[in-house]
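Contents: one structure, followed by commentary.
The values are calculated or read from the model by the stated rules, or taken from the named source; none is laboratory data. Given the structure is predicted, the values throughout are model-derived calculations rather than measurements. For neighbour counting, all protein chains shown are included, and Cβ atoms are generated from backbone atoms with ideal geometry for every residue, glycine included.
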Amino acid sequence: MELSREDQSPSREVLSGNDGQFSFANIAPGSFQLTITSAGFATQTSSGILGSGEIRIVPQIALTVAATTTEVRVVPSLTEVAEDQLKVEEKQRVLGVVPNFYVTYVHNAAPLNTRQKFELAWKSTVDPISFGVTGVIAGVQQATNEFSGYGQGAQGYAKRYGASYGDLVFSTLIGSAVLPSLLKQDPRYFYKGSGSRRSRILYAIANSVICKADNGHWQANYSSILGSLAAGGISNLYYPSENRNGAALTFENTLIGIGESAAVNLLQEFLIPKLSSNVPNRQSSTP
């Protein structure tokens, strides 16, 4: 309790007892104001005029519970942020048709968890364009009699189609989902989009052999390199025996794949964003 006076004399304070009663002694006559405070309750005031020699009994004062304001901030988890960003990436298409799922235009995009990595790989392999491109590849192989062990005719085309689609599925699942999940690496290309042309060229080429880890650090792209080797080894199980690749050719094809990745990255850095639909604001970031 605080007692204050209009004459600017020092205020006085006392604590109430367990029964809520309090008293001030030796108070000079004149106007006064009482201020009653207690934690968790609204402050109450009472005023009056004390006469000379008067003993003033203040009427009972009931304190009301103070109104409280609680501010709650809901911050989405990294998984939720990644899910929102992934939905945008799954809408990215070159010329509105060709999937462009494995590039993010958010420079510090949230890392994908295992489920999201497999989801992206699955959507990529079952996209209608993937089936169409596989059909074209099988047709070219049939026309040039590549993998002659499959023969010709509808049966030969079906075998070539199955083998070509198997290459796509195994290389995507192993190099972009299985190994990235095990090694904690991000299978996407992180668009740079700023800096000098030379720095962007070097960045794009370097990203054929390095990648961003789930912890945000850059490291050797073991997922892609080992994935190419593994997919090449698995393909030997379903290609004709006379057309199977030896170990040397598998390593050679892996090196060729690294070169192709560098070329695609250059296109991603300088051309594809201009041709892609649903490219998000490149200034977006994680919270």
Q. So is Gly246 in contact with a Leu (Cβ under 6 Å, 6 or more places away or on another chain) and either charged (D, E, K, R) or modelled with pLDDT under 90 (or both) or not?
A. no
Q: May I ask you to verify whether Ser38 is closer than 16 Å to Leu15 by Cα, touching a residue at least 12 places away in the same chain (Cβ under 8 Å) and of a type in the set (Gly, Ala, Ser)?
A: yes
Q: Only residues that are surrounded by fewer than 16 Cβ atoms within 10 Å (Cβ to Cβ) and closer than 18 Å to Ser223 by Cβ: list them for the stretch 124-170, please.
A: none
(Q) Going residue by residue through the stretch 176-188, is there one that turns out to be touching a residue at least 60 places away in the same chain (Cβ under 8 Å), hydrophobic (A, V, I, L, M, F, W, C) and touching a Pro at 6+ places or on another chain (Cβ under 9 Å)? (A) yes
Q | Where a residue in the stretch 210-234 is at pLDDT 90 or above and surrounded by 17 or more Cβ atoms within 10 Å (Cβ to Cβ) and its partner, wherever it lies, is of a type in the set (Phe, Trp, Tyr) and not in a loop (DSSP other than H, G, I, E, B), with Cβ under 9 Å and at least six apart | A | Cys211/Tyr189; Cys211/Phe190; Cys211/Trp218; Cys211/Tyr222; Lys212/Phe190; Lys212/Trp218
Q | Subset tally (residues that are farther than 28 Å from Glu80 by Cβ, assigned to a helix (DSSP H, G or I) and among the β-branched types (Val, Ile, Thr)) for the stretch 112-146 | A | 6
**Q.** Filter result (more than 11 Å from Asn265 (Cβ to Cβ) and among the hydroxyl-bearing types (Ser, Thr, Tyr)) within the stretch 198-216
**A.** Ser199
Q) Which one of these is surrounded by 15 or more Cβ atoms within 10 Å (Cβ to Cβ) and in a helix (DSSP H, G or I): Ala263, Ala204? A) Ala204
Q) Within the stretch 35-82, how many residues turn out to be part of a loop (DSSP other than H, G, I, E, B), polar (S, T, N, Q) and farther than 15 Å from Gly20 by Cα? A) 5
Q: Could you please give the count of residues in the stretch 54-96 that are closer than 30 Å to Ile129 by Cα and under 22 Å from the mean Cα position of the chain (by Cα)?
A: 15
Q: Within the stretch 97-108, track down each residue that is β-branched (Val, Ile, Thr), under 20 Å from the mean Cα position of the chain (by Cα) and in a loop (DSSP other than H, G, I, E, B).
A: Val106
Q: Find the residue count for the stretch 84-96, including only residues that are without any contact (Cβ under 8 Å) to a residue 40 or more places away in the chain and in a loop (DSSP other than H, G, I, E, B).
A: 1
